[in-house]
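Below you'll find the structure, written out as structure tokens, and then a few comments.
The values are calculated or read from the model by the stated rules, or taken from the named source; none is laboratory data. The structure presented is a predicted model; accordingly, all values stated were derived computationally and were not measured. Quick reminder, even Gly has a Cβ in these numbers, built from the backbone with ideal geometry, and neighbours come from all protein chains shown. SASA here: full protein model, heavy atoms, side chains in, ligands and nucleic acids out. Shrake-Rupley method; radii C 1.70, N 1.55, O 1.52, S 1.80 Å.
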Amino acid sequence: MEAIQVKQVGGPEAMEVVELPVPQPKANEAVIKLAASGVNFIDVYLREGRYKAPLPFVLGQEGAGVVTEVGADTMSVKVGDRVAWTGLHGAYAEYAAVPADRLVPIPQRVSEQQAAAVMLQGMTAHYLSHDTYPLKQGETALVHAAAGGVGLLLVQMAHNIGARVIATVSTEEKAKLARAAGAHEVILYTQADFEAETKRLTGGKGVDVVYDSVGKTTFEKGLNILRPRGMMVLFGASSGAVPPFDLVALSQKGSLYVTRPTLVNYIATRDELVARSSAVFGMMATGKLQLRIEHTYPLAKAQQAHRDLEGRKTTGKLLLVP
Ligand code: NDP
């Protein structure tokens with residue numbers, strides 16, 4: 001089978017198209033023929049070596065497809081089932097072997113490509129808005145990179161809760177998408193000072209929560225626009241890592257909270273994984289959550305997908321299709 005392997009960490013060229021044997025399932029696993037795998041920023045961190053994985057490894061943290069084989073002890077899925085997963089290496093490939101307890105069934109009204117597109121970013125948007133800082137109607141959230149994969153889903157969920165969403169994006173085209181997703185105000189943070197603009201838009205009160213996936217270039221100013229006892233949810237580093245900072249700043253800026261969450265801790269148990277994925281699929285099935293699959297690339301074009309994602313060229317979701 002064809003797969004995208006990293007033998008040595010580095011730039012997009014570190015991803016090689018290789019021929020590997022189709023995996024055999026261990027007793028607790030199922031083998032899935034992938035319909036699509038999702039491209040995510042975490043794949044960039046892993047490829048670069050910012051997040052460590054034993055070399056060589058097949059990239060890809062999210063996928064969906066049809067079960068072709070099951071291991072001896074696997075009872076929860078059977079050959080022919082449509083399933084999706086996230087949080088394990090190996091989805092940039094034609095086939096993957098996945099522990100059965102990490103697989104979730106894809107409901108009838110959701111296609112395999114849609115499932116591959118929503119597992120990681122959809123469940124992330126869900127835990128951020130429902131658990132890390134459970135937004136309430138009437139509260140105000142600032143969402144950075146709002147036209148991105150997580151961004152567009154998070155804006156929709158926050159809007160559906162009844163929160164006011166202030167969004168930041170880099171271009172006018174992205175601003176249109178953020179507005180269409182439900183952002184009430186959009187700031188072009190590459191042109192305007194988002195700190196000053198947010199203070200103006202909130203009449204100096206500040207926002208209840210900042211959802212920051214951008215990191216280095218936005219974190220510090222983000223602390224300045226929180227209301228007293230507001231929460232900074234730093235969940236990514238698309239512009240680079242936030243340097244260490246003095247915790248005393250949190251008291252000086254209004255007894256603020258800072259958290260650095262990651263999806264794996266919000267789908268750690270089988271029950272939580274099933275509940276969260278069902279909630280996201282449910283939103284899709286009822287039309288409350290619109291997916292924007294911006295581009296599908298053949299598996300062999302993974303390098304291009306990464307270049308586009310890192311180059312801030314993309315909006316919504318990118319998929320690789322074997
Ligand atoms: P996106 O589609 O959001 O792409 C990244 C976006 O970040 C760009 O489109 C761009 O939007 C913005 N950005 C700002 N500065 C830069 C920069 N210097 N270089 C590149 N992009 C920049 O990606 P994803 O939806 O896949 O992921 C978003 C973030 O969320 C990532 O940081 C990722 O690691 C994180 N994440 C965290 C999870 C968690 O559980 N903690 C789970 C999933 C994702 P614009 O042009 O509008 O500025």
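Tabulated values for the structure
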item	result
Flag if residue 269 is out of contact with any His (no Cβ under 8 Å at 6 or more places or on another chain), among the β-branched types (Val, Ile, Thr), more than 16 Å from the ligand (Cβ to nearest atom) and open to solvent by 30 Å² or more (accessible area, probe 1.4 Å)	yes
Residue within segment 196-216 that is away from the ligand (no atom under 14 Å from the Cβ), among the polar types (S, T, N, Q), at pLDDT 95 or above and not in a loop (DSSP other than H, G, I, E, B) present	yes
Residues of segment 217-238 satisfying the condition of being in a strand (DSSP E or B) and either open to solvent by 20 Å² or more (accessible area, probe 1.4 Å) or within 13 Å of the ligand (Cβ to nearest atom) (or both)	227, 228, 229, 231, 233, 234
Residues being more than 21 Å from residue 52 (Cα to Cα) and either open to solvent by less than 10 Å² (accessible area, probe 1.4 Å) or out of contact with any Gly (no Cβ under 8 Å at 6 or more places or on another chain) (or both) - total across segment 82-98	4
Close pairs (6 angstrom Cβ cut-off, 6 or more residues apart or separate chains): more than 30 Å from residue 87 (Cβ to Cβ) in segment 245-271, among the basic types (Lys, Arg) and not in a loop (DSSP other than H, G, I, E, B) anywhere	255/229
Test: residue 68 is surrounded by 21 or more Cβ atoms within 10 Å (Cβ to Cβ) and away from the ligand (no atom under 15 Å from the Cβ)	no
Qualifying positions in segment 128-152 - buried (at least 24 other Cβ atoms within 10 Å of the Cβ), within 12 Å of the ligand (Cβ to nearest atom) and either more than 30 Å from residue 204 (Cβ to Cβ) or among the hydroxyl-bearing types (Ser, Thr, Tyr) (or both)	149
Considering residues of segment 291-311 that are touching a residue at least 40 places away in the same chain (Cβ under 8 Å) and under 15 Å from the mean Cα position of the chain (by Cα) only, the residue least open to solvent (accessible area, probe 1.4 Å)	306
Residue 79 vs. criteria without any contact (Cβ under 8 Å) to a residue 60 or more places away in the chain, surrounded by fewer than 24 Cβ atoms within 10 Å (Cβ to Cβ) and among the aliphatic types (A, V, I, L, M)	yes
Enumeration of residues in segment 24-59 that are in contact with an Asp or Glu (Cβ under 8 Å, 6 or more places away or on another chain), open to solvent by less than 50 Å² (accessible area, probe 1.4 Å) and either of a type outside the set (Val, Ile, Thr) or within 13 Å of the ligand (Cβ to nearest atom) (or both)	25, 27, 30, 34, 35, 36, 37, 38, 40, 44, 59
